[in-house]
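Worksheet for the structure shown next.
Bear in mind that the values in this text are calculations on the coordinates, not laboratory data. All values derive from a computational prediction rather than experimental measurement. Don't worry about glycine lacking a Cβ; one is built from the backbone with ideal geometry, like all the others, and counts go over all protein chains shown.
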Amino acid sequence: MNSFKPLFVVLAGLFIIILMIPTLLVTPYMQKSTTGELSEELQAKKETEKVLSQSAVTVPVYRSTNQQIENIPLEEYVIGVVSSEMPAEFEEEALKAQALAARTYIVKQLMSEETMSSPEGSVVTDTQMHQVYKNPEELKKTWKDDYEWKMKKITAAVADTQGEILTFDEKPIDASFFSTSNGYTENSEDYWSTPLPYLKTVESPWDKKSEKFLDQKVVSVSEFEKKLGVNIEGNNLGKIIERTSGNRVGTVDINGKKLSGREVRDKLELKSSDFTWKLKGNNIVIETKGFGHGVGMSQYGANFMAEEGKKYDDIVAHYYKGVKIASAEPFLTKHMAKN
């Protein structure tokens, strides 16, 4: 009988191993579940659901692709705007500042009696005319394999600022923002017609590190003349006769015709109204500093501030002078009462 003992031990060992295999395969997942370690996709979904569950107010957005109005929960709208307007790679505090600006902008629009260049029945479009908005399906197509971590990061930034807006004199501000400054932001009245006390020139030296700080555009002399409605005489391209507080071109005189820096920027489709130009043969080479209108918060400036350790309340306090972070609830309650 002793000859069967080794065989019995081997068979018993194999039996135990067979019994253990399912346990070994399942245990890591059980541990993952019990310790709360969920997949990135599930985490992003749970955080999004948490934020959206508290979005009682909806935003009527004109979707430009299908030309229809879509009612989007407020916080879902903010997530879509931040996702579309600021790179997810940016620092979390910069994303929070962007969320605050985006939410403030739309709350102000909801409170307004008039809609600005938006089809009847909507409050905003999903374009740069107001704020760019993309829904999750559109973002998945854009982000592809990066969708889960990007959505998780941006949703967290929106959740951390949920219900917060920027106010001045206890009213939501026009929380304008842009990509990159020329080293300074612009007074609102120097680019638009209305002076606003919280949209004043401030230094933004960090922007020089932005990949979008410098740009160059070449246009033919004939195109230059046609678009600006001027005539070039010899090598005389005109001269800058006034600069703004933000060091952009205020007024330029081209052989007797005066144009604002904004007019030149719009007509020539320049990245900024801080420009210089020179004649090279039959072309005019135009160099610009900064990207965008320059009024309000510089997005790249916000990101560089965050890299230096600044929090989102520091960032918005720098770019929007004299504002306070307040609850959106009283304004949204008033909006819902009207509707």
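Of 241, 286, the sequence from fewest to most neighbouring Cβ atoms within 10 angstrom is 241, 286. The smallest convex shape that holds all Cα atoms of the range 265-339, its convex hull, gives 146 Å³ per residue. When you filter the GluC sites (Glu not before Pro) in the range 245-339 for DSSP loop state and at most 12 other Cβ atoms inside 10 Å of their Cβ, you are left with 269, 308. Of the chymotrypsin sites (Phe, Trp or Tyr not before Pro) found in the range 254-296, none is in coil by DSSP with at most 12 other Cβ atoms within 10 Å of its Cβ. Between the C-alpha center of the range 299-331 and that of the range 223-244 there is a gap of 39 Å. Of the GluC sites (Glu not before Pro) in the range 169-198, the ones in a loop by DSSP (not H, G, I, E or B) with at most 15 other beta carbons within 10 Å are 170. The coefficient of translational diffusion for the range 214-289, derived via Stokes-Einstein from the alpha carbon Kirkwood radius under 4 °C and 1.567 mPa s, stands at 106 µm²/s. The charge dipole of the range 238-313, taken about the Cα centre with unit charges on the Cβ atoms of Lys, Arg (+1) and Asp, Glu (-1), comes to about 300 debye, rounded to the nearest 20.
Across the range 149-158, rounded Karplus estimates of 3J(HN,Hα) from the backbone phi angles (6.51 cos²θ - 1.76 cosθ + 1.60, θ = phi - 60°) give 6, 5, 5, 4, 5, 6, 4, 5, 5, 5 Hz, Gly and Pro being marked x.
In terms of surrounding Cβ atoms within a 10 Å radius of their Cβ, 134, 271 rank from fewest to most as 134, 271. Using a 10 Å cut-off around each Cβ, can you sort 265, 243 from fewest to most neighbouring Cβ atoms? Starting with the residue having the fewest Cβ neighbours, the order is 243, 265.
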